[in-house]
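The values are calculated or read from the model by the stated rules, or taken from the named source; none is laboratory data. All of these numbers come straight from a predicted model, not from anything done at the bench. Here the Cβ positions follow ideal geometry from the backbone for every residue, glycine too, while neighbour counts run over all protein chains shown.
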Amino acid sequence: MDKYSSIVNDGNFSTLSLKTASHPKTLVHWENLLNYVIGKASPLNKNLERPIYDLIRGTYDSMLCNFPYLENYYIDYALFEYKLGNISKVHKVYQQGLRSFNERSLHLWISYLKICNEVVNNHKQLFKLYEKAESLIGLHFMGGEFWSMYLDQICERCLTKERYFTVLRKVIEIPLHSFSKFYALWLHCIDEITDLSQLTRIAPKDGLLKRLRIDTSFQGRKGPYLADAKKLLRKLTKELYMTVQHQVLEIYSLFESKLHTNYYCSAETLISAEEIATWDSYLTYTINLRIDALTELNFQRALTCLVHYDTVWIKYAHWLIEYKEDLSSAKNVLLRGLSLSHKKTVILKLLYSVLCKLKDHELLDFILEKEENLYATDVELTDDFELFWDFIQFRIFCANSRLQTRFETQSDQLMPPKIFDIIMRRLSHGESRKGQELLLSSLLQFQSKTNTAILETKIFKHIIEADWTFYLQSGCFWYLYCKLIFFEPTRTYLEKRRYIAGQIWEKAKKYGTAMLPKLRHFCQSYMPEDLDLLEDLFGSS
């Protein structure tokens, strides 16, 4: 029996595989399976059998498909390919991982660039990668290691120091955790200057002259002049150092020191409320700085550890909508959040709104259809009233948009029959579902000049005839029934009073004086002249 067969025919492999298949969203099962396969396949080298190689690759791919935020496993996967000499696959794995993090994972970039330092011989290609990384993660508070690597590669690969000075000049203005290290390098560069012409490495010639009054073409005694210029540069460096130090201490004391989880946590792991609140404050602080690159970076940092919490997804989408006016990106963020967050109600509500603004009715209806299917045609059974009512409203919106052929509405129709049936089924559950009286009140919003009779017959009279006591013994039901009739535009005021007193109040009094407070409130608001009649009617009962 070959090595591959001995692995897949082993009872332990079968048990571990069955667990991952049965519980694909449980991370520990994937970790156990991967560790088992790699352990049995070792040593991992270029002589690895092709079937075993495919098995390990397939396990990594499936695992990362289910858990796209596992930074360390992208790195392990890439290093596995690196050991086998598959350099093109190494690039693909890292690029796949970076895409999962919107290309803003400091951990992945550092690991990737370390590999590229070894395998990329073309200087332009390597520095192009560093420049891309700089634009995406250069402002990371913990980005000191990246900048050190960048500067080291410049020293190794560049013949002149111009690029080194340019990059270092940018770094010292960024509030990094390890900022003081780069100021030491900067001061060392100033100390090494031995000629006025070398000052242009520090800043452009025109800038030195206009802002610092340093003339690199000075024709007098250059020694003392250069010493004074360097003294001025050190003074300005110290002032900048104090400014950046203040920023670093502020960020660290308020936020970074309170963040203890900087990696992906499985769905079963609970993050403390204090840490979630810290991230929320940190993101608000970042947004107020109005530095878009830093804001996107910190949102991605927060999502790495809070990917299963809806608060960050919602805040991210709101920022894209309100500050960037980028509805398309907000849609993508919300769709991503919908697939990964535990709580989905608020994400769905915001997503519905974004899709309406984008006039993407097709996707909106698709999501509503999926949502309905989640409940196996029993969407009315959800305990979340807000989710249910949002579903109903947007389903009606889709129907009335006439993009859906199965919803042909008439002008005097209350709503599509299928939607109305869902509402009535929910109402039939009475006290076992939350928000029932709120649902009745919300239905009155659909009242128009032509459909009052439909509302009365199909809802209020139906509830009375079906003897749904949860509603009939509630004053709120009779209050809403009175409002429905009172706001019917086709009846005169006298006709409304007669109908309410003679029909509705007569039925309501059968359920006792508990109905009286709500009806009294209605009467005081709309029919004050009939208040005595109401009191007499319930008094006689």
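Among the residues making up the stretch 46-73, those that are of a type in the set (S, T, Y) and within 25 Å of F101 (Cα to Cα) are T59, Y60, S62, Y69, Y73.
Screening the candidates K46, K25 for the property of being charged (D, E, K, R), assigned to a loop (DSSP other than H, G, I, E, B) and touching a helix residue (DSSP H, G or I) at 6+ places or on another chain (Cβ under 7 Å) yields one hit, K25. Being surrounded by fewer than 18 Cβ atoms within 10 Å (Cβ to Cβ), at pLDDT 65 or above and over 27 Å from the mean Cα position of the chain (by Cα) is not true of D384.
Annotation note: Cβ proximity below 7 Å between a residue of the stretch 95-108 that is closer than 15 Å to E81 by Cβ and touching a residue at least 24 places away in the same chain (Cβ under 8 Å) and a residue that is of a type outside the set (G, A, S) and assigned to a loop (DSSP other than H, G, I, E, B) (sequence gap 6+ or interchain) occurs for L108/F101. Taken across the stretch 450-466, residues that are closer than 21 Å to Q393 by Cβ, outside any helix (DSSP H, G or I) and outside the structural domain of F538 (by TED's automatic domain parsing) do occur, with at least one present.
Which one is nearest to L79 (Cα to Cα) among residues in the stretch 4-58 that are charged (D, E, K, R) and touching a Leu at 6+ places or on another chain (Cβ under 9 Å)? Taking the candidates together, the pick is K46. Among the residues of the stretch 469-485, those identified as surrounded by fewer than 18 Cβ atoms within 10 Å (Cβ to Cβ) and part of a helix (DSSP H, G or I) are T469, F470, L472, C476, K483.
For the stretch 291-338, the set of residues classified as in contact (Cβ under 8 Å) with a residue 24 or more places away in the chain and basic (K, R) consists of R301, K315, K324, K331, listed by residue number.
Among the conditions (1) on the phi > 0 side of the Ramachandran plot; (2) in contact with an Asp or Glu (Cβ under 9 Å, 6 or more places away or on another chain), the only one that H177 does not satisfy is (1). Considering only residues that are among the hydrophobic types (A, V, I, L, M, F, W, C) and more than 35 Å from the chain's Cα centre (by Cα), look in the stretch 14-61 and name the one that is farthest from L340 (Cα to Cα). This residue is L48.
Taking the stretch 425-484 as the range and being more than 20 Å from I500 (Cβ to Cβ) and touching a Phe, Trp or Tyr at 6+ places or on another chain (Cβ under 8 Å) as the test, the residues that pass are R426, L427, S428, G430, E431, R433, K434, G435, Q436, L438, L439, S442. Considering the stretch 80-111, and only residues there that are surrounded by fewer than 17 Cβ atoms within 10 Å (Cβ to Cβ) and among the basic types (K, R), the residue that is farthest from the chain's Cα centre (by Cα) turns out to be K83. Among the candidates Y130, Y60, Y74, Y94, the residue that is part of a helix (DSSP H, G or I) and touching a Gly at 6+ places or on another chain (Cβ under 8 Å) is uniquely Y74.
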